[in-house]
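The structure is given below, and queries will be raised subsequently.
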Amino acid sequence: MLRKLQPKQRSIRRRLLIGGVKLAIIFIVLAAVASVYVFWRAMPAYSGSETLPGLSSEVRIWRDAHGVPHIFAASMDDAARALGYVHASERLFQMELNRRVGQGRVAEILGSDFVNVDKYMRTLGYYRRAQSSFDALSPWAQRRLLAYAAGVNAFLGSHRSALPPEFLFVGDTPEPWKPADSLVWGKLMAQQLSHNYSLEALRARLRERLGSERAGWMLPGTAAGDPITTLPNLRETHASRDAIEDQIGALTGLTQGASNEWVVAGARTDTGKPILANDPHLGLEAPILWYLVRIVTPQGSVKGATFPGAPIVAIGQNDSIAWGFTTANTDTQDLFIETIDLSDPSKYLAPDGPKRFDSHEETIHVKGAPDVELAVRSTRHGPVLSDVSERVRGAAPAGKVVALAFTGLSEHDTTAEAFMRLDAAHNWNEFLDAMRFYEAPTQNIVYADVSGDIGFFSPGLVPLRKSGDGLAPVDGASGAFDWVGTVPFEQLPQLHNPSAGFAFNANNANVPDEHQPTFGRDWDEGFRARRIQEFFNTIEKHSLETSAAMQADRLSLAAKDLQPFIATIVPSGERARQAQAMLLGWNAVMDKDRPEPLIFTAFLGSLHRIVLVEKIGLPLDELGPFAAATLVSLMRDHPSWCDDPGKPDPGCRKTLGQALDEGLALLVKRDGPDMSEWRWGHEHVSLLRHKVFAHVPLLDRASDLSVSSSGGFYTLDRGGGFDAPNDQPFARTHGAGFRGIYDLGDPDHSRFMITTGQSGHIFSRHYGDLVALWNDVKSFRLAGSEDDLRKLGARELILSP
């Protein structure tokens with residue numbers, strides 16, 4: 001029997017309980033204060049004075065209202081040193097993660113889930129190639145990289161006890177920065193923006209399943225009437241399970257590239273001088289991979305978008321020229337099927353007899369798990385990719401392996417120097433001189449200068465082959481398909497002052513498919529390029545405002561092309577009939593406040609799955625989430641494709657109806673039965689999540705900048721994505737992380753924008769202050785003297801030697 005507590009005992013227990021509660025409250029408060037302190041101490045100084053050893057003179061950094069640094073320095077080397085310091089102060093963990101991806105050392109801090117990423121990167125040897133590429137640079141370019149690294153390391157040295165809290169959460173301590181850490185970023189760009197080897201592997205699988213002719217239907221190339229960049233003209237008609245490669249994109253933000261760019265001659269603008277616009281579309285994240293900067297020296301100024309980790313303005317404008325980039329999708333990769341020597345598996349067959357694999361061992365350290373040993377093999381063509389890539393392994397029959405030949409695997413890559421020279425170029429000839437140093441990834445560059453010249457150039461190394469078209473894996477033993485050099489610089493796609501008065505690219509063909517030498521035919525679907533063409537057909541005088549309107553355009557020509565097919569559907573019921581009527585009456589604008597974009601996207605996703613994925617029996621990730629151009633081509637030119645044995649489907653009408661029904665069923669499940677309540681913006685959310693804090697309770701919400709957005713996968717204001725989460729199938733994971741519009745008549749009027757904010761610190765006022773402006777496709781200028789900036793309230797940080 002329990003004894004009844006005496007009053008004195010009850011009093012003691014009450015005191016103990018109160019004391020325990022007080023201690024718990026004190027502990028919680030102290031923990032909260034400690035947490036706040038951890039975040040606060042890592043915040044960068046925006047004003048005051050700091051010491052930066054190695055400077056030749058004082059550097060003054062003015063941060064404007066948007067947190068953009070305007071760096072006033074005595075030389076570009078001093079500016080690079082200061083930029084390294086600034087990048088590290090705002091984006092150090094982003095820089096650390098990117099270099100670890102390049103080094104193949106992600107598993108050291110993030111665990112066994114990333115061992116395959118490290119295996120892949122070690123096999124390709126990008127970091128080793130970055131190290132050796134430093135020696136290929138001119139002495140002045142080496143000094144620039146060393147100055148930048150010194151700036152990063154100066155910040156590390158003075159803030160070792162105040163690192164961003166991400167390092168604490170993942171248990172990482174950053175090593176000193178090296179020039180190779182900057183150069184490997186270019187290798188990562190080359191890797192992620194050159195993906196035709198995956199399409200070669202897909203072609204091999206499709207030919208095995210379908211035969212060569214029908215496989216060709218899946219990758220139709222340039223459609224009749226699609227714009228070709230080097231053949232600009234005005235038209236009469238007027239507009240009314242993750243693969244390793246995808247994991248790398250998720251870590252770096254370098255998902256499959258897609259972008260818009262155009263340049264307009266002064267004769268077609270309201271200022272009488274050229275206007276150039278560019279918005280590269282890569283992965284969305286917080287912070288975004290871009291960082292804005294303006295650098296002013298006695299030798300000149302340059303402003304635009306940088307990559308934290310590198311001392312270059314990648315996209316932007318100097319005092320004389322402006323430039324923009326899109327991914328060229330040039331065929332710079334080949335898969336060679338190598339035959340293993342049956343008498344000695346350490347060798348493979350070659351034209352002059354068996355050769356031994358070049359091989360070495362790598363040790364991958366894994367957080368919380370034993371080390372992993374990796375045997376890296378290479379052939380005379382390149383690294384054995386089938387050892388580490390599921391996408392490629394299927395192309396290797398028994399007794400074979402697949403090696404990757406890729407122009408981005410150079411050990412003497414001078415692309416970084418090309419960017420440094422570009423930042424300082426004054427005219428078309430100096431621009432071309434800079435491009436002679438450019439190797440990978442191949443890009444489409446539009447150009448304009450203050451004297452009135454405009455142009456287009458697609459730089460980078462492109463292979464010449466003994467034979468073959470480079471579209472599918474080839475035999476490596478015979479030597480018949482070996483590379484014999486690269487396309488001469490003078491033969492690369494280019495335009496200078498075209499008579500049409502403009503040039504543009506939206507990842508569409510930059511030369512005709514049949515062009516020789518061949519540059520490939522795996523261009524992006526032509527919907528965005530056609531839409532840009534419509535604007536050029538109808539705008540008589542271009543301005544900064546018309547370019548801004550083009551970047552903000554949300555009309556989907558894919559929807560326009562599919563509306564005639566939707567009209568043939570025999571609705572299965574009232575919901576389908578209502579949805580069909582809505583889609584046919586819709587203006588094809590992907591407006592976040594309308595239901596039609598949501599219905600259309602659900603229908604298109606279902607149509608893609610039924611007509612392509614299920615019918616072929618392959619995931620077809622390489623074609624993107626919709627492959628609308630392939631769907632239109634099949635239904636228009638090969639309508640029997642929709643037939644099943646004994647079940648003809650003339651015009652694909654039954655299949656179209658099934659796709660509409662299944663798309664609607666998905667939306668009813670996700671958004672409820674009332675179609676009038678459906679909104680595109682409820683589902684099409686731009687996912688702007690922090691790589692670390694998105695997985696930490698409480699901080700996941702504090703760091704999440706996601707926002708409901710307009711636009712779509714096929715609109716100029718690019719939306720959608722290649723890798724939407726399973727629980728958010730309509731999310732926006734891909735878009736214009738940077739937008740620039742350049743006025744060559746008055747460079748001070750040029751406009752800039754990035755997606756999130758300048759800072760990577762989640763409690764900084766500049767972590768997410770640009771999201772609303774970006775989502776509404778707004779912009780701001782980067783201009784002004786030091787006195788102007790002071791009067792506007794900019795904060796000054798002085799860096800002294």
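Under a Cβ-only charge scheme (Lys and Arg +1, Asp and Glu -1), can you give me the dipole magnitude of the range 741-801 about the Cα centre, in debye to the nearest 20? Show your work: numbers first, answer last.
Details: 7 positive and 9 negative charges, 52 e Å.
Using only the charged Cβ atoms, the result is roughly 240 debye.
For the range 311-416, what ratio Rg/Rh do Cα atoms give with a Kirkwood hydrodynamic radius?
Details: Rg = 19.2 Å, Rh = 17.0 Å.
The Rg/Rh ratio comes out at 1.13.
Within the accessible area of the range 408-527, what % is carbon and sulfur when the probe is 1.4 Å and the other protein chains stay in place? Please report the intermediate quantities before stating the final value.
Working: 2060 of 4050 Å².
Summing carbon and sulfur atoms, their accessible area is 51 percent of the total for the range 408-527.
Give me the percent of DSSP beta bridges within the chain that run antiparallel, rounded to the nearest 5. Spell out each step's value before the answer.
Working: 86 of 99 bridges.
Just about 85 percent of them are antiparallel.
With r as the distance between the Cβ atoms of ASP513 and ILE616 and R0 = 30 Å, compute the FRET efficiency 1/(1 + (r/R0)^6) and round to 0.05.
0.85
Continuing with the same structure: Rounded, prolate or oblate: which fits the range 106-188 when a ≥ b ≥ c are the square roots of the eigenvalues of the alpha-carbon gyration tensor, with rounded for a/c under 1.5 and prolate only if a/b beats b/c? Before the final figure, lay out the partial values.
Values: a/c = 3.79, a/b = 1.13, b/c = 3.36.
Judged from the Cα gyration tensor, the range 106-188 comes out oblate (a/c at least 1.5, b/c at or above a/b).
For ASN260, enumerate residues with amide H under 5 Å from its amide H, sequence gap 5+ or separate chain, H modeled in the peptide plane.
ASP279, HIS281
Using the Karplus equation 6.51 cos²θ - 1.76 cosθ + 1.60 (θ = phi - 60°), what ³J(HN,Hα) coupling, rounded to whole Hz, does each residue of the range 144-160 give in order, writing x for Gly and Pro?
Here the 3J(HN,Hα) series is 4, 5, 5, 5, 4, 4, 5, x, 4, 5, 4, 5, 4, x, 8, 10, 4 Hz.
Can you run the Rg to Rh ratio on the range 40-143? Use alpha carbon positions and the Kirkwood inverse-distance Rh.
Details: Rg = 17.5 Å, Rh = 16.4 Å.
Taking Rg over the Kirkwood Rh, I get 1.07.
While we're here: Using the charge dipole of the chain (Lys, Arg: +1 at Cβ; Asp, Glu: -1 at Cβ; taken about the Cα centre), state which of PRO639, GLY67, LEU206 has its Cα farthest towards the positive end.
Ranked along the dipole, the leading option is GLY67.
Continuing with the same structure: Could you check how much of the accessible area of the range 613-701 is carbon and sulfur, as a whole percent, using a 1.4 Å probe?
Details: 2370 of 4330 Å².
Carbon-and-sulfur percentage of accessible area, whole number: 55.
Using the per-residue mean of other Cβ atoms lying within 10 Å as a proxy for protection, in what order, highest first, do the peptides 666-677, 183-194, 720-731 fall? Mind showing how you got there, number by number?
Values: 666-677: 13.3, 183-194: 25.4, 720-731: 16.7.
Highest-to-lowest ranking by the protection proxy: 183-194, 720-731, 666-677.
Please go through the range 339-393 and write out the trypsin sites (Lys or Arg not before Pro) that DSSP classes as loop and that have at most 14 other C-beta atoms within 10 Å. Please report the intermediate quantities before stating the final value.
On the way: sites: LYS347, LYS355, ARG356, LYS367, ARG377, ARG380, ARG391, ARG393; in loops: LYS367, ARG380.
Loop-located and lightly packed - none at all.
Cβ neighbours within 10 Å, averaged per peptide: list 648-660, 327-339 in order, most packed at the top. Don't jump to the answer; show the numbers that get you there.
On the way: 648-660: 19.3, 327-339: 25.2.
Highest-to-lowest ranking by the protection proxy: 327-339, 648-660.
Which value, in Å², gives the accessible area per residue of the range 527-576 when a 1.4 Å probe is used on the protein heavy atoms? List each step's numbers first, then the result.
Values: 1840 Å² over 50 residues.
About 37 Å² of surface per residue is accessible.
Divide by every residue of the chain the summed helix terms, -39500 (n - 2.57) for each DSSP H run of at least 4, and state the resulting mean residue ellipticity at 222 nm, rounded to the nearest 500 deg cm²/dmol.
On the way: 25 runs with 282 residues, N = 801.
The per-residue figure over the chain is -10500 deg cm²/dmol.
Report the one residue of GLN191, PRO673, VAL376 whose Cα lies farthest in the direction of the positive end of the charge dipole of the chain (charges on C-beta: Lys and Arg +1, Asp and Glu -1; origin at the Cα centre).
It is PRO673, whose Cα lies furthest towards the positive end.
In debye, nearest 20, what is the charge dipole magnitude of the chain about its Cα centre with +1 on Lys and Arg Cβ and -1 on Asp and Glu Cβ, if you could check? Mind showing how you got there, number by number?
On the way: 82 positive and 95 negative charges, 696 e Å.
For the chain, the charge dipole is close to 3340 debye.
So, R0 is 41 Å and r is the distance between the beta-carbons of VAL484 and ASP644; what FRET efficiency does that work out to, to 0.05? Mind showing how you got there, number by number?
On the way: r = 47 Å, r/R0 = 1.14.
With R0 = 41 Å, the Cβ-Cβ based efficiency is 0.30.
Let me ask you something else. Relative to the Cα centre, what is the charge dipole magnitude of the range 665-720, using +1 at the beta carbon of each Lys and Arg, -1 at the beta carbon of each Asp and Glu, and rounding to the nearest 20 debye? Let's see the in-between values first.
On the way: 7 positive and 7 negative charges, 46 e Å.
Here the size comes out at about 220 debye.
OK, next. Provide the per-residue ³J(HN,Hα) series for the range 692-697, in order, calculated from phi with Karplus coefficients 6.51, -1.76, 1.60 and θ = phi - 60°, each as a whole number of Hz, with x at glycine and proline positions.
Residue by residue, the range 692-697 yields 9, 6, 5, 10, 10, x Hz.
At a Förster distance of 56 Å, what's the computed FRET efficiency of ALA267 paired with GLU411, Cβ-Cβ distance as r, to 0.05? Kindly include the intermediate steps, with their values, before the conclusion.
On the way: r = 46 Å, r/R0 = 0.82.
Efficiency for this residue pair is about 0.75.
Just to confirm, what accessible area per residue do you get for the range 258-376 at 1.4 Å probe, in whole Å²?
Values: 3640 Å² over 119 residues.
With the other protein chains kept in place, the range 258-376 gives 31 Å² per residue.
Now for a separate question. For PHE357, what residues show an amide H to amide H distance below 5 Å, using hydrogens built from the backbone and excluding near sequence neighbours?
For PHE357, whose amide H was placed from the backbone, the distant partners under 5 Å are LYS347, TYR348.
Please work out which option in (i) 40, 35, 32; (ii) 48, 34, 24; (iii) 45, 38, 21 gives semi-axes √(5λ) of the Cα gyration tensor in Å calculated from these coordinates, and answer with its label.
(i)
Among GLY526, LEU231, ILE315, whose Cα projects farthest towards the positive end of the dipole of the chain, with charges put on the beta-carbon of Lys, Arg (+1) and Asp, Glu (-1)?
ILE315
Counting only heavy atoms of protein chains, what accessible area per residue, in Å², does the range 409-497 have with a probe of 1.4 Å? Can you show the working numbers first?
Details: 3130 Å² over 89 residues.
The answer is 35 Å² per residue.
Give me the compactness ratio for the range 397-528, meaning the Cα radius of gyration over 2.2 N^0.38 Å.
This ratio for the range 397-528 stands at 1.21.
Any chance you could check the Cα centroid distance between the range 755-786 and the range 410-475 for me, in angstrom?
31 Å
Once a ≥ b ≥ c are taken as the square roots of the eigenvalues of the Cα gyration tensor of the range 466-579, is the result rounded (a/c under 1.5), prolate (a/b larger than b/c) or oblate (a/b not larger than b/c)?
Details: a/c = 3.94, a/b = 1.39, b/c = 2.84.
It is oblate, given that a/c is not under 1.5 and a/b is not larger than b/c.
Along the range 600-610, what does the Karplus equation 6.51 cos²θ - 1.76 cosθ + 1.60 (θ = phi - 60°) give for ³J(HN,Hα), rounded to whole Hz, x for Gly and Pro?
4, 5, 5, 4, 5, x, 5, 4, 4, 5, 6
The values are calculated or read from the model by the stated rules, or taken from the named source; none is laboratory data. Because the structure is predicted, anything quoted here is derived from the model rather than measured. Cβ: placed from backbone, ideal geometry, glycine included. Neighbour counts: every protein chain shown. The protein model used for the area step is the full one, side chains on, heavy atoms only, and it has no ligands, DNA or RNA in it. Shrake-Rupley method; radii C 1.70, N 1.55, O 1.52, S 1.80 Å.
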